[in-house]
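Here is the structure we will look at.
Laboratory data are not the source of any read-out in this text; all were calculated from the coordinates shown. Because the structure is predicted, anything quoted here is derived from the model rather than measured. Neighbour counts run over all protein chains shown; Cβ positions are idealised from the backbone, glycine included.
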Amino acid sequence: MKISEIKERKVIHRPTRYFDESGQRIYHAYEYHLPYNPGYKGNETERLFAKWIDMLPFGLIFYFLLHKVIVISILLSIPCVIIAGTITEWSWGTTLGKKIFKIKVLDDYGNYPGFLKSFQRNLLCLANFSPVFSEHTTRTIAMGRRTGTRMNFSMHMNNTICKTYIVKESKIPEIRDLLKYQGDQNLLL
């Protein structure tokens, strides 16, 4: 069983135009089996900060110990983070920055990614740093509505290509239970 094959049962109650004899609205129940999403909202910001935390020790080593210019130190820390991130995600499913935010990387089978898959997703993270600009509207008390531009980082391409998932550490037992339960259900069918 794979995480991408897990289905989640959702029941949605939609109101009708009709009422019962006591005046209560009548609802129809619709049942859907939707793909399970092990991720969580707002992980892009945490992942961006985690990547900067991962780069910080290497940047400091290059700057203070090897006396490189700060820009060169940052550029040299990028390949170090890719290599260190590959090894730590392969071994423990996390990096220093991800450990601070209590997030882990899982492959489609619910395990830590293999060495090559981890290396591939860490290489592809370079392409993830392209900002996505979107328009948003905020509401202020005195002035009414205010429209502005928001910059977000889309950090899903490497996970989509590699079929990996960024999850909270606390959600891993639930994911493994779902994999086991739905795997057992498929054996019964």
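Which whole-number percent gives the relative contact order of the range 39-92, counting Cα pairs below 8 Å spaced six or more residues apart? Kindly include the intermediate steps, with their values, before the conclusion.
Numbers: 23 pairs, mean separation 16.0, N = 54.
Once divided by the residue count of the range 39-92, the mean separation gives 30 percent.
What dipole magnitude, in Debye to the nearest 20, does the chain give about its Cα centre under +1 on Lys/Arg Cβ and -1 on Asp/Glu Cβ? Walk me through the numbers on the way to the answer.
Values: 26 positive and 16 negative charges, 95 e Å.
Computed charge dipole of the chain: roughly 460 debye.
In percent, how large is the relative contact order of the chain, given Cα pairs closer than 8 Å and 6 or more residues apart?
On the way: 265 pairs, mean separation 41.5, N = 189.
Over the chain, the number comes to 22 percent.
Could I have the simple spin-label model distance between V11 and K102, label points 7 Å from Cα toward Cβ, reported in nm to one decimal?
In this crude label model, V11 to K102 measures out at 3.1 nm.
Going by amide H atoms built from the backbone, whose H comes under 5 Å of the H on Y109, apart from near neighbours?
So Y109 has HN proximity to I3.
Which pairs break 27 Å Cα to Cα here: K2/K99; K68/K163; K68/K117; K2/K168; K2/K102?
As for pairs spanning more than 27 Å Cα to Cα, those are K68/K163; K68/K117.
How far is it, in nm, from the label point at H33 to the one at H156 when both lie 7 Å from their Cα along the line to the Cβ?
Taking the two extended label points, one gets 2.3 nm.
Pull out the extension gain between L56 and N111, defined as 0.36 nm times the separation in residues minus the alpha carbon to alpha carbon distance; nm, one decimal.
Details: separation 55, 0.36 × 55 = 19.80 nm, distance 2.76 nm.
The L56-N111 span can extend by a further 17.0 nm.
Shape verdict for the range 79-126, please, from the Cα gyration tensor: rounded (a/c under 1.5), prolate (a/b greater than b/c) or oblate. Show your work: numbers first, answer last.
On the way: a/c = 1.70, a/b = 1.06, b/c = 1.60.
Taking the square roots of the gyration eigenvalues as a ≥ b ≥ c, the range 79-126 is oblate.
Mind checking which aspartates and glutamates have their Cα closer than 19 Å to the Cα of K171? Skip sequence neighbours fewer than 8 apart in that chain.
Excluding near neighbours in sequence, the set is E5, E8, E44, E46, E89, D107, D108.
On a 0 to 90° scale, report how tilted helix 115-124 is relative to the longest principal axis of the chain, with both axes built from alpha carbons and the result rounded to the nearest 10.
Compared with the principal axis, the helix lies near 90 degrees.
In whole Å, what are the Cα extents of the range 49-122 along the three principal axes, biggest one first?
44, 24, 15
Using the Karplus curve 6.51 cos²θ - 1.76 cosθ + 1.60 with θ = phi - 60°, what ³J(HN,Hα) values do you get for each residue of the range 31-39, in whole Hz, with x for Gly and Pro?
Computed from phi, the couplings for the range 31-39 are 10, 10, 10, 9, x, 6, 10, x, x Hz.
Between F64 and E44, how many nm apart are label points set 7 Å from Cα along the C-beta direction?
3.4 nm
For the chain, max minus min Cα coordinate along each principal axis, in Å, sorted largest first?
Its Cα atoms span 82, 60, 24 Å along the three principal axes.
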